Amino acid sequence: MNQKYGNKDCKAYEEYEDVLAREDIDAVLVTSCDHWHVHLASAAIRAGKDVYVEKPLSPSLAWSWELRKLINE
């Protein structure tokens, strides 16, 4: 992508923790496999990021309620 746009704005990451550690990123969009949604959203919330998660939020209501508890802390 950098070659296409002639800049160095695009960077690929292999570890999501590296993205969450960046202070210039305020929010994340979770578009992974369904069973990873809650795990990634939880990590992002703990890192102080705003989170948008694609449907379904999780494969079980129990996981969804755990994420809700984390959000309300």
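Key figures for this structure:
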| item | result |
| --- | --- |
| Per-residue [θ]222 nm for the chain (sum of -39500 (n - 2.57) over DSSP H runs n ≥ 4, rounded to 500) | -10500 deg cm²/dmol |
| Fully extended contour minus Cα-Cα distance, from TYR5 to TYR52, at 0.36 nm per residue | 14.2 nm |
| Cα-based helix-to-principal-axis angle, 37-46 vs the chain, degrees rounded to 10 | 80 degrees |
| Fraction of accessible area attributable to carbon and sulfur, the chain (%, probe 1.4 Å) | 52 percent |
| Stokes-Einstein D (µm²/s) once Rh is taken as the Kirkwood radius of the chain over alpha-carbon pairs, at 20 °C in 1.002 mPa s | 159 µm²/s |
| Between 0 and 90°, nearest 10: helix 61-71 axis offset from the chain longest Cα axis | 70 degrees |
| Heavy-atom surface of segment 10-64, accessible at 1.4 Å and reported per residue (Å²) | 72 Å² |
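The values are calculated or read from the model by the stated rules, or taken from the named source; none is laboratory data. From a predicted model like this one, the values you see are computed outputs, not experimental measurements. These accessible areas exclude ligands, DNA and RNA; they are computed on the full protein's heavy atoms, side chains included. Shrake-Rupley method; radii C 1.70, N 1.55, O 1.52, S 1.80 Å.
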